[in-house]
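The values are calculated or read from the model by the stated rules, or taken from the named source; none is laboratory data. Because the structure is a prediction, the values reported are computed rather than measured. Cβ: placed from backbone, ideal geometry, glycine included. Neighbour counts: every protein chain shown.
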Amino acid sequence: MWFVFALLSAVFAALTSILAKTGIEGVNSNLATAIRTVVVVVMAWGMVFLTHGQGGLAAISRKSWIFLILSGLATGASWLCYYRALQLGTVSQVVPVDKLSVVITLILAVVFLHEQVSVKSVIGCILIASGTLCMVL
């Protein structure tokens, strides 16, 4: 089931790029990010209440709060940079560079989470990095 959700995530991410590039025309990139963020917040909290997940708030540990807040800050920084890049560049250049996050994530997972890396993963990262270079040069 994880694959279905991951694939849907990729489809929605692709739509995000196309819709954002169209919507950002003539709009300050920070303002556009703020508007997008409000929509995401309303949608996320709607899902929390729809699935009755709000009861879990009290059970979140201090450590989890810290890391979730840091993750939120990283997401916000990523979105601000992404929208600015979209405003300045073409979707066909910005998106491949953004997807280098896959390679960076793998490296960070090895360094900080001590995850094991397979030969397939290394080859995949090399191909992603090479493909990115081919698309943006």
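Conditions tested, residue by residue: (1) of a type in the set (D, E); (2) in the same structural domain as L113 (by TED's automatic domain parsing); (3) within 29 Å of V136 (Cα to Cα); (4) in contact with a helix residue (DSSP H, G or I) (Cβ under 8 Å, 6 or more places away or on another chain).
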{"position": "A13", "(1), (2), (3), (4)": "no, no, yes, no"}
{"position": "V41", "(1), (2), (3), (4)": "no, no, no, no"}
{"position": "L57", "(1), (2), (3), (4)": "no, no, no, no"}
{"position": "I60", "(1), (2), (3), (4)": "no, no, no, yes"}
{"position": "W65", "(1), (2), (3), (4)": "no, no, no, no"}
{"position": "G72", "(1), (2), (3), (4)": "no, no, yes, no"}
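Where residues in segment 89-105 are small (G, A, S) and assigned to a helix (DSSP H, G or I), which of them is farthest from the chain's Cα centre (by Cα)?
S92
Which of the residues that make up segment 25-54 are surrounded by 10 or more Cβ atoms within 10 Å (Cβ to Cβ) and of a type in the set (S, T, N, Q)?
N28, S29, N30, T33, T37, Q54
Look at segment 55-98 and say how many of its residues are more than 30 Å from L133 (Cβ to Cβ) and either among the aliphatic types (A, V, I, L, M) or surrounded by 10 or more Cβ atoms within 10 Å (Cβ to Cβ) (or both).
Counting residues in segment 55-98 that are more than 30 Å from L133 (Cβ to Cβ) and either among the aliphatic types (A, V, I, L, M) or surrounded by 10 or more Cβ atoms within 10 Å (Cβ to Cβ) (or both) gives 12.
Quick test of your reading of the structure: L127 fulfils all but one of (1) surrounded by 11 or more Cβ atoms within 10 Å (Cβ to Cβ); (2) within 24 Å of S29 (Cβ to Cβ); (3) out of contact with any helix residue (DSSP H, G or I) (no Cβ under 9 Å at 6 or more places or on another chain). Name the failing condition by number.
It is condition (2) that L127 fails.
Filter segment 106-121 for residues that are surrounded by fewer than 13 Cβ atoms within 10 Å (Cβ to Cβ) and either under 16 Å from the mean Cα position of the chain (by Cα) or in a helix (DSSP H, G or I) (or both) and give the result.
I107, L108, V111, F112, L113, V119, K120
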